[in-house]
Amino acid sequence: MTFDRRQNGELYVENTSTSELASRFGTPLYVYSRAAIESAWHAFDQALAGRPHLVCYALKANSNLGVLNLLSRLGSGFDIVSGGELARVIAAGGDPAKVVFSGVGKSADEMAIALKAGIKCFNIESLSEIEVLESVAQAHGAVAPVSVRINPDVDAGTHPYISTGLKENKFGIDTTAALDAYKKIADSPYLEVLGMDFHIGSQLTEIEPYQDALRRILLLCDQLKEYGITIHHLDLGGGQGIRYRDETPIDLTAWASAINDVLGDRDVEIIVEPGRSIVGNAGILLTEVRYLKHTADKNFAIVDAAMNDLIRPALYSAWQEIVPVQPSSAPEASYDIVGPICESGDFIGKDRTLSVQAGDLLAVMSSGAYCFAMSSNYNSRPRAAEVIVDDTDMHLVRERETIESLFEREKLLP
Ligand code: LLP
């Protein structure tokens, strides 16, 4: 088990004590388990073992160089959405030839850098983007490999902010316009048709939406064949959900076999872009209780982590489990776990029954994905440190920010 309790009741990450982590590195502190990240990646790789495939970790979920480095050592590919993410992949030792570039708003500069780096594929989302990519490739005397992101118009049944495969979402090209997009690409000497992709949403727990989307894009592949256009890979995006509370996550073996059922004997490489399911349950956030505050209506546990460190509860009403690091003899009560930021939206959890007192450590579970990555310096709070635990080793993979660094790029008026 990655996170479990020892005889004294203390929470451990692999074979490392969480209180030791907190006393060595301070709080708030993000802690990731190397073994958990690696096993989640292998689960995808093994599920797809029956066909040519590439697991492209979506680094928007967690782009720490240490995390990227251990995935690149496994041979992972990467799904990027910016020039900054490409630079991170390269700095972490990743192979640009295994990079797919997603996103609705790539700049010409980002395209040029990615083209020179030799990425595997540009996942294009609009006709205007095709034109810009074509001129960038022409200017570089290069041929850009392209996949068109199709909006399959399927309802993946997730939170509206993280659903992406519906007609009303800004993502992808609808199936009717896609035919013209592919013809345009095929006709250009500077573009090459490589694949077709979709990404229908995040934190999905059902397999059927993937099958529906795949069926729809296969129809399109068949249509393209009539025009002599061959699709070499299908990129099914990411989106596989994790258990935060009581969700039943997608079983990857069942998912892969459902995908294979739809694919039949088609000879294509499969690409996937999982983010959350690789790192989400491989990380926790350690935070210390500063004060308890009891009012007529509520009890508050004011902790040293805040919405700038972990914004998911405030932004999506997301629920993440919060547990004491050590058993406490303090009286049990229902608490809102809140941070020091001056907003009522600054909460990590509400109405949680806990035995805590000031000075106790809490762990916010399932914090490996979209937590540090979405953190900010709001209220001039330095961002937390990040540690990767490997058995009993603790690797500091991001130092805590200093206060001075927060305004080192700012200037007084002359
Ligand atoms: N590929 C594309 C094109 C994406 O837009 C995303 C996520 C992924 C792959 C990876 O999806 P995943 O496997 O992680 O579900 N901040 C939100 C999640 C936003 C997801 C955005 N796109 C959250 O905290 O829940």
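Remarks
- Förster radius 30 Å - calculated FRET efficiency between Q7 and E247 (Cβ-Cβ, nearest 0.05): 0.50
- Distance in nm between pseudo-label sites at T353 and D187 (7 Å out along the Cβ direction from Cα): 6.7 nm
- Isotropically averaged projected area of the range 49-145, using the convex hull of Cα atoms (one quarter of hull area), nm²: 6.4 nm²
- Under 17 Å from K183, Cα to Cα: aspartates and glutamates that are on another chain or at least 8 residues apart: E125, E129, E131, E134, D174, E192, D197, D222, E226
- Using the Stokes-Einstein relation with a Kirkwood hydrodynamic radius computed over Cα pairs, the translational diffusion coefficient of the range 1-100 at 37 °C and a viscosity of 0.692 mPa s comes to 217 µm²/s.
- Order by protection proxy (mean Cβ within 10 Å, highest first), peptides 237-244, 47-54, 89-96: 237-244, 89-96, 47-54
- Share of Cα-Cα pairs in the range 34-276 lying beyond 24 Å, as whole percent: 42 percent
- Computed over the range 174-321, the convex hull of the alpha-carbon atoms projects to a mean area of 13.0 nm².
- The range 329-400 and the range 217-236: distance between their alpha carbon centers, rounded to Å: 46 Å
- Mean Kyte hydropathy of -1.0 or more with a Cα span along the axis of at least 15 Å, helices from DSSP in the chain: 34-47, 127-139, 175-187, 208-226, 252-263
- Taking each DSSP H run with n ≥ 4 as -39500 (n - 2.57) and averaging over every residue of the chain yields -8500 deg cm²/dmol at 222 nm.
- Projected label distance in nm at A91 and D265, using a 7 Å step from Cα toward the beta-carbon: 4.9 nm
- Legend: calculated FRET efficiency, L412 to S107, from the Cβ-Cβ distance at R0 = 41 Å, rounded to 0.05, equals 0.80.
- Restricting attention to the range 34-276, close to 5% of DSSP beta bridges with both partner residues there are antiparallel.
- Dimensions (Å) - the chain, Cα atoms, principal axes, largest first: 72, 61, 42
- Expressed as a whole percent, the accessible surface of the range 34-276 that belongs to carbon and sulfur atoms is 49, based on a 1.4 Å probe.
- Pairwise FRET efficiency - Q326 versus K116, Cβ, R0 = 45 Å, nearest 0.05: 0.30
The values are calculated or read from the model by the stated rules, or taken from the named source; none is laboratory data. Predicted model, so just to flag it, every value in this text is computed and none were measured. Here the Cβ is made from the backbone with ideal geometry for all residues, glycine too, and neighbour counts use every protein chain on show. The area values use the complete protein model at the heavy-atom level, side chains included, leaving out ligands, DNA and RNA. Shrake-Rupley method; radii C 1.70, N 1.55, O 1.52, S 1.80 Å.
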